[in-house]
Amino acid sequence: MRATGWFLAIIAGTLLLAAAIAWPVYQLIHALQPDWEFHRIVGRAWQCLTLAGIALAVWRLRLRRRRDWGYGLPRAQFLSQASLGLAFGIATMLPMALAIVAFGIRDPRPGLDAAMLLAGIANGALIGLAVALIEETFFRGLMFRAVLRESGLPLALAATAVLYSAIHFLARTRIPQAEVGPGSGIELLGAALARFAEPAAIADAFLALALVGLLLGLVRYWTGSIAAGIGLHMGWVCIVKATAAATQHAAGARWSFLVSGFDGFTGWLVAGWSALILLAIWSQRRRFARWRYPAPEAA
């Protein structure tokens, strides 16, 4: 459990530390840059602490090889798997976008045209690539490898899936400059964790994201790399962001319960679809053996 504890500490510990040092850091930075908002300063401080925590974990857990990070494939093979993953990600998430519109849960935005749609797709692709690289490297690269090596596959799959889902519910909030004080760091942390105080309100989206995390973990294990996962993740995020840009929530929609209020997309519908995809790829899991490189993952 040591490896799991390290990665829990990276997220939970750095959140607490960022809240604790928020006020002195804000006073120092605000004196130099009065226009910088409190939540942005604290957010950057948390990111720096997180990077330091990751560096420490990499050193202590001996995650020093490219393969430990999920990048052990030769370049051509890595890009090939990422491309296949991207195609599969788009192909599997596009039906969800179409279903959400078909059920009347979301309607096309007024004035929607080809230019607006293409802009949404391009923006979604860029965001998807950035998100996929960061999250896959951390969760299915470093964390998965460390937990798998120490505790085995079941815990590696469960821990990475649950933690991956949980971080999506850290809420962003702002504290007006005039109201910033010594306790504002704790206030900001409480607001960030507020969604967890009402678990029933986020259960559908949490389950959907956990199933997605489980699927990505299995692909990582079967292929021995995060390449396909990066492509999958990018494709999914691209479709979600493009859908958000091209459509808007339809008030009073009969089937709105299928979509979470968290992001207007994930929810019971995506959770059910993700479960079906999991069953489908599980039935074909032996086909992934030919993608495995260069030796069994747990070695």
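The values are calculated or read from the model by the stated rules, or taken from the named source; none is laboratory data. Because the structure is predicted, anything quoted here is derived from the model rather than measured. As a convention, Cβ positions derive from the backbone with ideal geometry for all residues, glycine included, and neighbour counts pool all protein chains shown.
Which residues, counting only those in segment 171-191, are closer than 20 Å to Ile10 by Cα and crowded, with 17+ Cβ neighbours inside 10 Å? Reasoning before the result, please.
To start, the set of residues in segment 171-191 that are closer than 20 Å to Ile10 by Cα comprises 171-172, 185-186, 188-191.
Of everything in segment 171-191, those that are closer than 20 Å to Ile10 by Cα and crowded, with 17+ Cβ neighbours inside 10 Å turn out to be Gly185, Leu188, Leu189.
Against the test of being of a type outside the set (Lys, Arg) and either part of a loop (DSSP other than H, G, I, E, B) or crowded, with 19+ Cβ neighbours inside 10 Å (or both), the options Ala201, Ala205 yield a single qualifying residue, Ala205.
Mind checking which residues of segment 17-39 are loosely packed, with under 14 Cβ neighbours inside 10 Å and not acidic (Asp, Glu)? Please lay out each step first, then the result.
At the first step, the residues of segment 17-39 found to be loosely packed, with under 14 Cβ neighbours inside 10 Å are 20, 24, 27-28, 31-35.
Ala20, Pro24, Gln27, Leu28, Ala31, Leu32, Gln33, Pro34 - these are the residues of segment 17-39 that are loosely packed, with under 14 Cβ neighbours inside 10 Å and not acidic (Asp, Glu).
Only a single item in (1) within 12 Å of the chain's Cα centre (by Cα); (2) within 30 Å of Ala201 (Cβ to Cβ); (3) modelled with pLDDT of 95 or more is not met by Leu129, and it is number (2).
Taking the residues in segment 278-299 that are modelled with pLDDT of 85 or more and surrounded by 15 or more Cβ atoms within 10 Å (Cβ to Cβ) as candidates, determine which candidate is nearest to Val212 (Cα to Cα).
Going residue by residue through segment 278-299, those that are modelled with pLDDT of 85 or more are 278-283.
Checking the rest, the ones that are also surrounded by 15 or more Cβ atoms within 10 Å (Cβ to Cβ) come to 278, 281.
Details: Leu278: 9, Ile281: 12 Å.
Restricting to residues being modelled with pLDDT of 85 or more and surrounded by 15 or more Cβ atoms within 10 Å (Cβ to Cβ), the top hit is Leu278.
Is there a residue being in contact (Cβ under 8 Å) with a residue 12 or more places away in the chain and on the phi > 0 side of the Ramachandran plot anywhere in segment 105-117? The answer is no; no qualifying residue exists. Of the candidates Asp113, Asp107, the single residue that is closer than 24 Å to Phe265 by Cβ, modelled with pLDDT under 90 and out of contact with any Cys (no Cβ under 9 Å at 6 or more places or on another chain) is Asp113. Number of residues in segment 263-280 that are in contact with an Asp or Glu (Cβ under 8 Å, 6 or more places away or on another chain) and not small (Gly, Ala, Ser): the value is 2. The set of residues from segment 250-262 being within 20 Å of Gly120 (Cβ to Cβ) and either surrounded by fewer than 16 Cβ atoms within 10 Å (Cβ to Cβ) or modelled with pLDDT of 90 or more (or both) comprises just one member, Val259. Restricted to segment 1-16, and to residues there that are of a type outside the set (A, V, I, L, M, F, W, C) and under 20 Å from Ile167 (Cβ atoms), the residue that is surrounded by the fewest Cβ atoms within 10 Å (Cβ to Cβ) is Gly5.
Restricting attention to segment 127-168, the residues that are in contact with a Ser or Thr (Cβ under 7 Å, 6 or more places away or on another chain) and under 20 Å from Gly72 (Cα atoms) total 5.
Counting the residues of segment 161-190 that are at pLDDT below 90 and part of a helix (DSSP H, G or I) gives 3. Residues in segment 117-152 that are farther than 17 Å from Trp236 by Cα and either loosely packed, with under 14 Cβ neighbours inside 10 Å or touching a His at 6+ places or on another chain (Cβ under 8 Å) (or both): Gly152 alone.
Taking Ala194, is it in contact with a Ser or Thr (Cβ under 9 Å, 6 or more places away or on another chain), loosely packed, with under 14 Cβ neighbours inside 10 Å and without any contact (Cβ under 8 Å) to a residue 24 or more places away in the chain? Criteria met by Ala194.
For the condition surrounded by 19 or more Cβ atoms within 10 Å (Cβ to Cβ) and either farther than 30 Å from Trp23 by Cβ or basic (Lys, Arg) (or both), what is the one hit in Ala87, Ala82? Even if it seems obvious, please write down each step before you answer.
Working: Ala87 fails: surrounded by 19 or more Cβ atoms within 10 Å (Cβ to Cβ).
Answer to the check: Ala82.
Residue by residue, here is whether (1) in contact (Cβ under 8 Å) with a residue 40 or more places away in the chain; (2) touching a strand residue (DSSP E or B) at 6+ places or on another chain (Cβ under 8 Å); (3) within 23 Å of Ser225 (Cα to Cα) holds:
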{"residue": "Gly128", "(1), (2), (3)": "yes, no, yes"}
{"residue": "Ile134", "(1), (2), (3)": "no, no, yes"}
{"residue": "Gly141", "(1), (2), (3)": "yes, no, yes"}
{"residue": "Val162", "(1), (2), (3)": "yes, no, yes"}
{"residue": "Ile167", "(1), (2), (3)": "yes, no, yes"}
{"residue": "Arg172", "(1), (2), (3)": "yes, no, no"}
{"residue": "Ile175", "(1), (2), (3)": "yes, no, no"}
{"residue": "Ala178", "(1), (2), (3)": "no, no, no"}
{"residue": "Gly190", "(1), (2), (3)": "no, no, no"}
